[in-house]
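Notes follow once the structure below has been shown.
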Amino acid sequence: MKELIDLSNLPRHIAVIMDGNGRWAKKQGAARVFGHRNAIKAVREATEGCAELGVKYLTLYTFSTENWNRPKLEIDALMHLLVHTIRGEVPTLMENNVRLMAIGSIDTLPGDCRQELTEAIRLTENNNGLNLILALSYSGKWDIVEATKKLARQIQEGTLQPDQINDEVFGQALATEGIDEVDLMIRTGGDHRISNFMLWQLAYAELYIMNDVLWPDFRKPHLWEAILTYQNRERRFGKISEQLVK
Ligand code: IPE
Ligand code: IPE
Ligand code: MG
């Protein structure tokens, strides 16, 4: 199936809502954390798959602002898992020429987690293949509010005039500064919602919801399938079909 993908029409930015870990575990009578632990293989598959093809950006919704409202036990387990996974994945990231980045309210993460993340980001900063962006303690509304504060400060300092704010200026104030907007958004676990993910950046993304796949079961062929579906969609951006150059 991979050979059917048109490499000249790849999504530049793929964003994934990795959902369904808890249900995956529950199905086999295990605790939710078991699902999170088994999600790492899927993260690796998605990352390697994107790197192999030449996708430029992959954003993974790893922990949302709202996820802080989960039971403490689950939050602690997730943070613990994060620390160990990031540490362990650096060699694989180097091998695949992947540069790690993070967006979100990173200050709110536990110290050891922040430290591992910063270190992995530093170690991979010269890689120039896929950019892997972890959305951690992230939400779309958080991003927009932070961008607004940044612009307000610039106005206060006199370096920006209110009338200068436009689509582009606002976009550059977001956590995804310099990163293309999302072309393809994949959600596993069957829920048809955005869950406060990249509200601005998803404006014209093609949505691909996987109804029958929970995140721990996600493998490269699922990624190929999602990209092939994307390539069969007509992205009109408000125009009519006849205006598009085929
Ligand atoms: C996604 O899986 C992982 C995170 C939100 C951290 P869930 O934990 O939401 O699993 P379900 O949706 O309850 O099955
Ligand atoms: C979205 O999944 C957040 C992440 C995948 C990190 P949730 O499981 O938190 O979303 P809701 O609560 O079903 O909307
Ligand atoms: Mg969920």
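Listed here are the residues, each with its yes/no results for (1) within 24 Å of S139 (Cβ to Cβ); (2) small (G, A, S).
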| site | (1), (2) |
| --- | --- |
| D6 | no, no |
| R32 | yes, no |
| A39 | yes, yes |
| G54 | no, yes |
Going through (1) open to solvent by 50 Å² or more (accessible area, probe 1.4 Å); (2) in contact (Cβ under 8 Å) with a residue 12 or more places away in the chain one by one, Y138 fails only at (1)
Scan the stretch 14-35 for residues that are more than 14 Å from ligand 3 (Cβ to nearest atom) and within 28 Å of G54 (Cβ to Cβ) and jot them down.
I14, A15
Just to be sure, is E116 among the acidic types (D, E), open to solvent by 70 Å² or more (accessible area, probe 1.4 Å) and either farther than 28 Å from E225 by Cα or within 16 Å of ligand 2 (Cβ to nearest atom) (or both)?
no
Could you check R70 against (1) in contact (Cβ under 8 Å) with a residue 24 or more places away in the chain; (2) within 16 Å of ligand 2 (Cβ to nearest atom) and say which number it fails?
(1)
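Would you confirm, using the coordinates I've provided, whether G171 is touching a helix residue (DSSP H, G or I) at 6+ places or on another chain (Cβ under 9 Å) and farther than 27 Å from E48 by Cβ?
yes
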Among the residues in the stretch 36-54, are any within 16 Å of ligand 3 (Cβ to nearest atom), within 28 Å of Y230 (Cα to Cα) and under 14 Å from the mean Cα position of the chain (by Cα)?
yes
Restricting the search to the stretch 101-150, which residues are touching a strand residue (DSSP E or B) at 6+ places or on another chain (Cβ under 8 Å) and acidic (D, E)?
E125, D143
So if I check each of G178, G189, which one is open to solvent by 20 Å² or more (accessible area, probe 1.4 Å), in contact with a helix residue (DSSP H, G or I) (Cβ under 9 Å, 6 or more places away or on another chain) and either assigned to a loop (DSSP other than H, G, I, E, B) or at pLDDT 95 or above (or both)?
G178
Working carefully through the options I240, I194, find the one that is of a type in the set (A, V, I, L, M), out of contact with any His (no Cβ under 8 Å at 6 or more places or on another chain) and within 16 Å of ligand 3 (Cβ to nearest atom).
I194
So N21 passes all but one of these: (1) open to solvent by less than 30 Å² (accessible area, probe 1.4 Å); (2) out of contact with any His (no Cβ under 6 Å at 6 or more places or on another chain). Which condition number does it fail?
(2)
Under 6 Å between Cβ atoms, which residue pairs at least 6 apart in sequence (or on different chains) link something in the stretch 43-56 that is touching a residue at least 12 places away in the same chain (Cβ under 8 Å) with a partner that is charged (D, E, K, R) and surrounded by fewer than 21 Cβ atoms within 10 Å (Cβ to Cβ)?
E45/R219; E45/K220; G49/K220; K56/R12
Tally, over the stretch 22-67, of residues that are within 11 Å of ligand 2 (Cβ to nearest atom), touching a Leu at 6+ places or on another chain (Cβ under 7 Å) and of a type outside the set (A, V, I, L, M):
4
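Let's see how each residue does on (1) open to solvent by 40 Å² or more (accessible area, probe 1.4 Å); (2) in a loop (DSSP other than H, G, I, E, B); (3) more than 20 Å from S8 (Cα to Cα); (4) in contact (Cβ under 8 Å) with a residue 40 or more places away in the chain:
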site	(1), (2), (3), (4)
I194	yes, yes, yes, yes
Y204	yes, yes, no, no
V213	no, yes, yes, yes
L223	no, no, no, yes
I227	no, no, no, yes
E234	yes, yes, no, no
E242	yes, no, yes, no
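The values are calculated or read from the model by the stated rules, or taken from the named source; none is laboratory data. Only a predicted model underlies this, so the values are computations on that prediction, with no experimental measurement involved. Backbone-built Cβ (ideal geometry, glycine too); neighbour counts: all protein chains shown. What goes into the accessible areas is simple: the full protein's heavy atoms, side chains included, and nothing from ligands, DNA or RNA. Shrake-Rupley method; radii C 1.70, N 1.55, O 1.52, S 1.80 Å.
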